[in-house]
Amino acid sequence: MWAAGGGHLEVVRWLLDDVGVAVDARNRDRRTALMFACKTGQCAVVSHLLAAQADPTLRMKDESSAFDWAVLSGDEATMNLLADHPLVDIAAMNRFGCAAVQWAAAAGSVTSLRWLQRRGLSLSHLNEAN
């Protein structure tokens, strides 16, 4: 997970291919290497993990997803990669009703908000806390 979040693709490959670490291994918050790579906008690592069959539909304890983390990172290439995956629902919400728009707003990213809007998401979505 740390290697993925740090963008260390060769280490990620070694851990998966030679050591045999499970691609969807989780920590105590149920985060995966894919989520860590998305959080820091490591598109090459995200691409490799997806090719290695990482499951982009897995959720953390609060039901946040890898796509949510990609939006938080603001890395458009990573957001595109996840959004274009056939299993990813870009309109999904976590258990608090937070959608991608909240993640983009939390990051202070007008660019990400515009990207979400172009993808058809409403910027007026309110979470459970309003």
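The values are calculated or read from the model by the stated rules, or taken from the named source; none is laboratory data. Just so it is clear, the structure is predicted and the values come from calculations on it, not from any experiment. No Cβ is skipped: glycine too gets one built from the backbone with ideal geometry, and neighbour counts run over all protein chains shown. Just so you know, the surface numbers come from the protein's heavy atoms only, side chains and all, with ligands and any DNA or RNA stripped out. Shrake-Rupley method; radii C 1.70, N 1.55, O 1.52, S 1.80 Å.
In a shell of Cβ-Cβ distance under 13 Å around Ala106, excluding Ala106 itself, what net charge do Lys and Arg (+1) and Asp and Glu (-1) give?
Within the 13 Å Cβ shell, the charges total 0.
Rg and Dmax of the chain, Cα atoms, in Å?
Cα only, the chain: 14.2, 47 Å (Rg, Dmax).
What is the percent carbon and sulfur in the accessible area of the range 73-130, measuring with a 1.4 Å probe over the protein chains and ignoring ligands?
52 percent
Can you give the three extents of the C-alpha atoms in the range 69-117 along their principal axes, from longest to shortest, in whole Å?
27, 26, 17
Fully extended, how many nm does the chain gain between Trp14 and Trp2 (0.36 nm per residue separation, minus their Cα-Cα distance)?
3.0 nm
Answer with one residue from Gly6, Val71, His85: the one whose Cα lies farthest towards the positive end of the charge dipole of the chain, charges on Cβ with Lys, Arg +1 and Asp, Glu -1.
The listed residue farthest towards the positive side: Val71.
For the range 1-104, what does the accessible surface come to per residue with a 1.4 Å probe? Please give it in Å².
The answer is 47 Å² per residue.
Taking H placed 1.01 Å from N in the peptide plane, check which residues at least 5 places from Glu63 or on another chain put their amide H under 5 Å from its amide H.
The list, which skips near neighbours in sequence, is Arg95.
To the nearest 20 debye, what charge dipole does the chain have about its Cα centre, counting +1 at the Cβ of each Lys and Arg and -1 at the Cβ of each Asp and Glu?
280 debye
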